[in-house]
Every structure is written in structure tokens, then in C-alpha cells.
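Have a look at the structure below, then the notes.
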Amino acid sequence: MFSNKTIFIAPLDWGLGHATRCVPIIKELLKHNRVILGVTPLTKPIFEEEFSGVKMIEIPAYNITYSKHLPLWLKLGISYPKISKIILNENKILEKIINDYKIDVVISDNRFGLHSKNAHCVFITHQLFLKAPVFENFAQKQNKKYILNFDEVWVPDYETYDASTSSASVKNLSGELSHGTHYHQNVKYIGPQSRLTDVICEVDPNSYRENKYDYLILLSGPEPGRTTLENELLLKAKNSNKKIALVRGTKIMTQGLRFEGIDTFDFPKKEELKRLILSSDKIICRSGYSTLMDMYLLGKKELILIPTTGQSEQEYLAEYWQQHFNSKMILEKNLTQFTL
């Protein structure tokens, strides 16, 4: 880490995962540095909960959404010109921020435009190597080109990787996404990161046996994918005799569905979210990497992973976790066969 520096740090606002995994990093940096946060309307509430009093600067939102009809890889390909403009714009904005606030270090969690020759620049990612059903070489070439603009790469995972074993003792969480022949000369594995585990040593999972849930449905991520999956799972929950909790990751109410018999939470505070996870037998969630880090560090092993259709990274992670960590993977197209 750094000491006696002025640091600007900003995460991508594709869901909340990039922001939440930055929280423990920011807390460590604040011990010996001045930190300024780059926020968007989506990430600002997370940082306000964690870091009241820390300077925050509004930066452009990527506003990535899913399509009801197109796979994500194709949607992103069509959106590439728009995303490229955002990257160029944030790069210009960063130069002004560096000049105005005398920034020494810039830390970007997956925001490709946050690099400069006028500061030491760090890129946080678990995707050094992309997965894509088509155009993978082109996507990887672009990914590499952007990442090489940074002085360092921080990978939120363990460095250990053994592709020859399917044992659950395999330590790394991201598999081939961040383990391979590195093209960047300065890659550092900083270990899994979760804002839910900063007081994990004080938590006894057995203390949450009362009011225990059979299932916790944990949903977040861009729309309309989040709501589409929520609707399907709620229909199944209506006919279930299990005790179920739902964390929605949005404050927009779903139309036409009722929540009787389900304990529902929109944006629970950190302690409440941790309590819900630890008091639930099984977790139903997307296979987003930040969620998986939370589950791993909280010791939750009964996971039902539903990757976002067309999002190759989540599909790979769900398969990887099914193979190495005994999670259960269910594709959305096969949800008709799933019961609660």
C-alpha cells in the first residue's frame, strides 16, 4: 500500500460489486493517506454509509444495462462506441482532478479511463483474461491495451492456481480469469476483498440460528436482468413452505407481485446484510465475483449460482465454483426445473 499520499480511487458502477470490494482497500489506505472518492449515483450511497466525511467527486456513470433480447457480449459490442466516449471523457476529467487536488496516486477498479502520466496509476481487476463466446481475441486485445496504461495491477484473489485439480481446496477464486501468463510486468495478488468481513472475527455463525432462513435470495446487478430473475424466483417462492428472505438490491418495487411470507430487504446496511447471509442455510445469487468473494470469506458453502445469461464471466465463474467449491449452477433457461 501507500503512505503520505493523496489518492483518488473510483470503481466502475456496473452493479455494486466494484464499489463494495473497494471498501476494505479504502479503509486501509485511509490509515496513512488522504483519500478522495470518485462516485456515481449508484456507488455514492455505499460510500456515504462507509465513509462519511471523506471527500467525494461525481464522475461519469457508465449506465450499463442488459437487453431482454440480446446476450450481454453482443450488447456490449454494440455499446462499445458509447463506452469508448465515456472512457475518453473520464480520462479528461481525471487530469483536472489530479491538478485541482494534487493527486499522487490514482486507483481505478475497472474504469479504463482513469490513468495518467501525472500520477502513479493502479488498476484493480479480476479479469486479466476475458471469456467470450465470440470475438474473444478482439475483446482480450482491447482489455490488454487499456490495462497496459496503468503502472500496477491489483488482483483481488489468491495467487495459487492449479488447473490440474478439481479439489475444493484450490485456493484461488477466479480461475483462468486472473491466472495465466501475465502480459503486465507488475501484477500483485492482494487477496479476496469484502466489506462484510472487516469484523468477521467477532461473528459466531451459531449465534444466528434463531429466525433462521432456508433460503436467502440475494439479487443485484443491472436491469432488467435483476428484476427478471426476481420475478421468476418470487413466483416459485409463493408456492414454497420454506422460510425465505429476499435482498433486492433496488428500491424500485416490482409490479404485480406480492411478498407475503417473504422477508424483503431493499438496501440493507452492512451489518444487517451479513446477519442475513449468516442466518441462511442456502444462498441463491448471481455468480458475480464480488458476491462470490463475500460468500467465500463468510464461509458460506451452500450456494445456488444463477449466472446472467450471456455474461461469459459469470457463466465461467459459476462453472468454476461448481467444479472447485461444490456450488450448484442453474442456468436461467433451466429455472423451470428448480423449486424452492
Fluctuation leader among 179, 18, 120 - the chain, Gaussian network, Cα springs under 10 angstrom: 120
Rounded to the nearest 500 deg cm²/dmol, what is the calculated helix-only ellipticity per residue at 222 nm for the chain, with -39500 (n - 2.57) per DSSP H run of length n ≥ 4? -10000 deg cm²/dmol
3J(HN,Hα) from dihedral phi, the range 276-293, Karplus parametrisation 6.51/-1.76/1.60, rounded to Hz, x for glycine, proline: 4, 5, 6, 9, 10, 5, 10, 10, 9, 7, 5, 9, x, 5, 5, 4, 5, 5
Looking at (1) 0.94; (2) 1.04; (3) 0.98, which value of Cα Rg over 2.2 N^0.38 Å comes from a calculation on the structure shown? (3)
For 100, 13, which order do you get if you count the other beta carbons within 10 Å of each Cβ and list the fewest first? 100, 13
Overall form of the range 93-140 per C-alpha gyration tensor (a/c, 1.5; a/b vs b/c): prolate
On C-alpha positions alone, give me the angle between the axis of helix 72-101 and the longest principal axis of the chain, in degrees, nearest 10. 50 degrees
Based on the Cβ-Cβ distance from residue 160 to residue 330, what FRET efficiency comes out when R0 is 22 Å, to the nearest 0.05? 0.20
Distance in nm between label sites at residue 272 and residue 135, each 7 Å beyond Cα in the beta-carbon direction? 4.1 nm
Quick check on the exposure proxy: order 47, 135 from fewest to most C-beta atoms within 10 angstrom. 135, 47
Which pairs, out of 82/270; 44/171; 44/96; 145/269; 44/92, put more than 29 Å between their alpha-carbon atoms? 82/270; 44/171; 145/269
Enter the angle in degrees (range 0 to 90, nearest 10) between the Cα long axis of helix 17-30 and the first principal axis of the Cα atoms of the chain, meaning the one along which they spread out most. 50 degrees
Between residue 322 and residue 171, 0.36 nm times their residue separation minus their Cα-Cα distance comes to what? 52.9 nm
For the range 107-122, in order, what is each residue's ³J(HN,Hα) by Karplus, 6.51 cos²θ - 1.76 cosθ + 1.60 with θ = phi - 60°, in whole Hz (x at glycine and Pro)? 10, 10, 9, 6, 9, 5, x, 8, 9, 7, 6, 9, 7, 7, 10, 10
Only counting other Cβ atoms within 10 Å, I'd like 32, 126 sorted with the fewest neighbours first. 32, 126
Treating cross-link reach as a plain straight distance, find the lysines whose alpha-carbon is under 24 Å from the alpha-carbon of residue 242, omitting any fewer than eight places away in the same chain. 212, 274, 282, 300, 301, 328, 333
Difference of contour (0.36 nm per residue) and Cα-Cα distance, residue 32 to residue 51: 5.3 nm
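Values quoted throughout were computed directly from the atomic coordinates according to the rules given, and no laboratory measurement underlies them. This structure is a prediction, so every number in the text was calculated from the model and none was measured. All Cβ positions, glycine included, derive from the backbone under ideal geometry; neighbour counts span all protein chains shown.
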